[in-house]
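Heads up: the structure comes next, in C-alpha cells.
The values are calculated or read from the model by the stated rules, or taken from the named source; none is laboratory data. Keep in mind that what you see is a predicted model, and the values were worked out from it rather than measured. Here the Cβ positions follow ideal geometry from the backbone for every residue, glycine too, while neighbour counts run over all protein chains shown. Protein only, heavy atoms only, side chains kept; ligands, DNA and RNA dropped before computing areas. Shrake-Rupley method; radii C 1.70, N 1.55, O 1.52, S 1.80 Å.
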Amino acid sequence: MGWAALTGLMLAGMTAATPPSAIPVRGGNALTLPAHRHMVRVSRSEGSVLLTAVQQGGQDGHGLRLFRSDNGGTTWKQEGVIHDGSTYDRADLVVVGKDVALVYAVETPDSAGISGSTSRDVYFQWWRYSASKNHWLADKPVRVFDSTSSSTAYYRAELARDSKGRLWVQAFREKDASNTLVLSVSSDGGSTFRTQSALARNVPKRGGGRLISLGSRLMMLWSSHDGRDTTHYRIRDDSASVSSWSSTRTAFSDGIYHGAAMSAVADGKGGLHLVYKDNSERLMYRRFDGSAFGSAVKVLEDGDWATQPALVRVGSSLYLFYNQPRSDGSGYRLWVRALSSSGKPGAGKELASVSGFAGYPAAPDVLPSGVPLVCFFGIEPSSGSSYRLSFFSTSASSLKSQAVAAKQAPAEEDADRERFTATGGSGFEPPLDPGAGVSAATGPSQQAMAAGCGGASAMLAVGVTFILMEWGRRRRTGVLPG
C-alpha cells in the first residue's frame, strides 16, 4: 500500500483545516484523567519544547512513555519510558526550570473498579534536562505511597510545587470499598516524602480532584463518582507549617462528574479558573477569587457523557478546548474557544469533525503570549484508521465568532526513538506499527463507549448490539471521565 493510500486511511472519518500529527495508542482515552496535567511546555534558550506523558495502553508493547516535540507539535518522538510495566498508569507533570517532575499511579476502567494489589503504588520521578545531550534523562522513581496489602490500592495521583519549593503529592486510597484522600510532602527536592494526615475520609465511591498551587497557597479540590456528592476543598498558606490546612469547605453544591471531569488553572493572582462537567453532564465555569467560588456559568447548554474540557491561560486570557457531539449522533466536533473573564464562551474555532469517537483533550495549563494554542485529542474513527492521539495547533487570532448558548446558572539522540511526522497540508505520516485498527463493524456509539470506559478495549463493544450500547450510553452509567 502506498503512502497516499495509507494517509487516506489515517484521515478517514476526520475533516480538519490542518491535518494533525499523531501518536498511536490503544484507545481514545489515553490522556485520562482530564484533571491531570499531561502536557507541559519547557522554555530553553535553544527553543521551547512540548513534553507529553502518554499511556499507549500496550500499543506495540508500550505503556506509559514521555514524548517530545521541538517544533510546536509538527513532529513528535519518544523521549523515554516512564513505566512500561502497566497499561493503566497515568502521569501528572510539573515544570521546574528546565526539568520536569511527575507522579504516576493507576487509573482503571470504571467497570473494573480499583482492585486492591500490592502493585497499586504511587511514584514520583524527576526528568532532568541535559543541555549537552539535548535530552531529558529520568532519575530513579521514588515510591511515595506503598500498597502493602492486596486489599488496598492508591490511584489518581497528582503533583504540585509550592512557593517554598516543596513537592506535594496527592492520591486516593481505596480499602474495603472506602476511599481516603491522602497526602505526602517532600522538602528535599523529591528524595524523600513524609506522609501527612489525610485530607478527607469516607469519600463516596471513587474520588477525583485537583491539587494545585495558587501562588502562595495550595488548594485541594475534590468530588467523587457518587453523582450526588458536593464539591469540597481545603487550602493552606505556603508560609504555614506543613501540617496546617484549612478545615473542609464546600466549594459548590453541584458535584463534578466522576470527580475528575475538570480542568483547572491558577489565575496568576491567587485565584483559580475552573471548567468542569457537573453531574448533569454540562460543562460549567466557576472562578475562585481567593476567598470563595463564584456562581456557575454554563459553557455548553447541552450535556454529554463524553464531553471533556482542557483549559489554557495566556496572560489573563482564557481558552477552552473541548469535544461536542455532532448533531447527527455519529461522532464529535472538536473546538477551541475563548472564554470571557466571567467564563462566558466567545470567539471559537472548530478544529475537526470526527466520525466515531473523539475526546479527552490535554493542553498545557499556561502558555506565554504570542505562541500557538496547542492540544491533543484522543481519536477513534468509525472506520479506516487506528486509534491515535491527534495534535492540534492554532493561533488565538484565528478564532472566529460562533454562537454558543451560555447563561448564568442558579447561584449555589536518537535514531532509536520513534518519530511521528506531520506531512503538511495533505495529511500526516502514519505512525510506525499502528496496531489493530477500528473494526468497520463497530458503530460510533460502541467506539465511544469503549473509549469512555477508561481504557476498556473497543473489541469488547463489537459483540454488543447497537441497541444495548445506545441504551447504556443514554443511561450514562459505568463510564469514566478520564
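Once segment 4-39 is narrowed to residues that are at pLDDT below 75 and part of a loop (DSSP other than H, G, I, E, B), the residue that is surrounded by the fewest Cβ atoms within 10 Å (Cβ to Cβ) is Ala17. For segment 313-350, the set of residues classified as among the polar types (S, T, N, Q), touching a helix residue (DSSP H, G or I) at 6+ places or on another chain (Cβ under 8 Å) and in a strand (DSSP E or B) consists of Ser317 only. When Asp89, Asp99, Asp110 are checked against the criterion of being of a type outside the set (Lys, Arg), more than 23 Å from Ser130 (Cα to Cα) and modelled with pLDDT of 95 or more, Asp89 stands alone in meeting it. Scanning segment 354-367 for residues that are modelled with pLDDT of 95 or more and either surrounded by fewer than 24 Cβ atoms within 10 Å (Cβ to Cβ) or part of a loop (DSSP other than H, G, I, E, B) (or both) yields Ala363, Pro364, Asp365, Val366, Leu367. Just give me the residues in segment 329-347 being touching a Phe, Trp or Tyr at 6+ places or on another chain (Cβ under 7 Å) and modelled with pLDDT under 95, in sequence order. Within segment 329-347, Gly343 is the sole residue that qualifies. Report yes if Ala310 is under 30 Å from Val354 (Cα atoms), part of a loop (DSSP other than H, G, I, E, B), among the small types (Gly, Ala, Ser) and in contact with a Pro (Cβ under 8 Å, 6 or more places away or on another chain), otherwise no. Against the criterion (under 30 Å from Val354 (Cα atoms), part of a loop (DSSP other than H, G, I, E, B), among the small types (Gly, Ala, Ser) and in contact with a Pro (Cβ under 8 Å, 6 or more places away or on another chain)), Ala310 does not qualify. Quick one: which residue in Tyr332, Tyr319 is in contact with a Leu (Cβ under 7 Å, 6 or more places away or on another chain) and surrounded by 19 or more Cβ atoms within 10 Å (Cβ to Cβ)? The match here is Tyr319.
Restricting the first member to segment 212-231 and to residues that are β-branched (Val, Ile, Thr), and the second to residues that are crowded, with 20+ Cβ neighbours inside 10 Å and not in a strand (DSSP E or B), the beta-carbon pairs closer than 8 Å and six or more apart or on different chains are Thr230/Asp254; Thr230/Gly255; Thr231/Asp254; Thr231/Gly255. Within segment 157-173, residues that are acidic (Asp, Glu) reach partners that are not in a strand (DSSP E or B) with beta carbons closer than 6 Å, at six or more positions or on different chains, in the pairs Asp162/Asp238. Selection of segment 71-97 for residues being of a type in the set (Ser, Thr, Tyr) and in a strand (DSSP E or B) yields only Thr75. Checked against (1) assigned to a strand (DSSP E or B); (2) open to solvent by 10 Å² or more (accessible area, probe 1.4 Å); (3) hydroxyl-bearing (Ser, Thr, Tyr), Ser390 passes all but a single condition, namely (2).
Conditions tested, residue by residue: (1) open to solvent by 10 Å² or more (accessible area, probe 1.4 Å); (2) among the acidic types (Asp, Glu); (3) at pLDDT below 95.
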| position | (1), (2), (3) |
| --- | --- |
| Ser223 | no, no, no |
| Val242 | yes, no, no |
| Ser246 | yes, no, no |
| Met262 | no, no, no |
| Lys277 | no, no, no |
| Ser280 | yes, no, yes |
